[in-house]
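The values are calculated or read from the model by the stated rules, or taken from the named source; none is laboratory data. Being a predicted model, the structure only gives us computed values, none of them experimental. Cβ: placed from backbone, ideal geometry, glycine included. Neighbour counts: every protein chain shown. The accessibility values were calculated without ligands, DNA or RNA, using every heavy atom of the protein model including side chains. Shrake-Rupley method; radii C 1.70, N 1.55, O 1.52, S 1.80 Å.
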Amino acid sequence: MTVKLAVIDNNASLCSFIAEISTELGFETRVFASGDAFLGGDIKEPDIILLDILMPGRGGLEVIHELADRKCQARIYLLSSLDGAVLNAMRNA
């Protein structure tokens with residue numbers, strides 16, 4: 001069984017890097033430049049989602065809420081260039 005991976009990030013070079021490596025490792029990888037592109041697309045639910053927290057349009061936290069409403073079963077891993085203090089403040093907000 002091929003693992004389906006969705007990479008959702010507005011950083012095109014990071015997405016290309018992740019897609020290249022994950023494809024070489026045998027993942028079926030799809031890249032989305034925004035949360036809106038991912039949520040608005042007609043896609044099969046991935047097994048794993050790599051999700052940027054801060055993006056134009058719907059950010060990572062909004063995407064997570066929408067996926068929860070859709071009863072998404074994928075494992076979600078957050079990506080961020082923010083430092084730990086900012087992430088902790090967001091978590092406690």
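Could you grab the pairs with beta carbons closer than 6 Å, sequence gap of 6+ or different chains, first residue in the stretch 67-80 and over 14 Å from residue 53 (Cα atoms) and modelled with pLDDT under 95, second one loosely packed, with under 15 Cβ neighbours inside 10 Å and of a type in the set (Val, Ile, Thr)?
none
Against the conditions (1) over 10 Å from residue 52 (Cβ atoms); (2) free of Cβ contacts under 8 Å to residues at least 60 places away in the same chain; (3) not in a helix (DSSP H, G or I), where does residue 23 fall short? Just the number, please.
(3)
Could you say whether any residue in the stretch 25-46 is closer than 15 Å to residue 80 by Cβ, at pLDDT 90 or above and not small (Gly, Ala, Ser)? Break it down stepwise before answering.
Our first condition is that a residue be closer than 15 Å to residue 80 by Cβ; within the stretch 25-46, this holds for 35.
If we keep only those that are at pLDDT 90 or above as well, we get 35.
Narrowing the set further to residues that are not small (Gly, Ala, Ser) leaves none.
No, the stretch 25-46 has no match at all.
Any chance you could count how many residues in the stretch 26-60 are surrounded by fewer than 16 Cβ atoms within 10 Å (Cβ to Cβ), touching a residue at least 24 places away in the same chain (Cβ under 8 Å) and either more than 17 Å from residue 2 (Cα to Cα) or among the hydrophobic types (A, V, I, L, M, F, W, C) (or both)?
Here the count works out to 3.
Could you check the stretch 26-46 and list, in sequence order, the residues that are more than 17 Å from residue 60 (Cβ to Cβ) and either in contact with a Ser or Thr (Cβ under 8 Å, 6 or more places away or on another chain) or among the small types (Gly, Ala, Ser) (or both)?
Of everything in the stretch 26-46, those that are more than 17 Å from residue 60 (Cβ to Cβ) and either in contact with a Ser or Thr (Cβ under 8 Å, 6 or more places away or on another chain) or among the small types (Gly, Ala, Ser) (or both) turn out to be 26, 27, 28, 29.
So, in the stretch 1-12, of the ones that are open to solvent by 30 Å² or more (accessible area, probe 1.4 Å) and of a type in the set (Val, Ile, Thr), which residue ends up nearest to residue 78 (Cα to Cα)?
The qualifying residue nearest to residue 78 (Cα to Cα) is 3.
Restricting to the stretch 13-25, count the residues that are closer than 22 Å to residue 57 by Cα and either open to solvent by 70 Å² or more (accessible area, probe 1.4 Å) or among the charged types (D, E, K, R) (or both).
Matching residues across the stretch 13-25 total 2.
What is the residue count in the stretch 26-59 for residues that are in a helix (DSSP H, G or I) and under 10 Å from the mean Cα position of the chain (by Cα)?
Count: 2.
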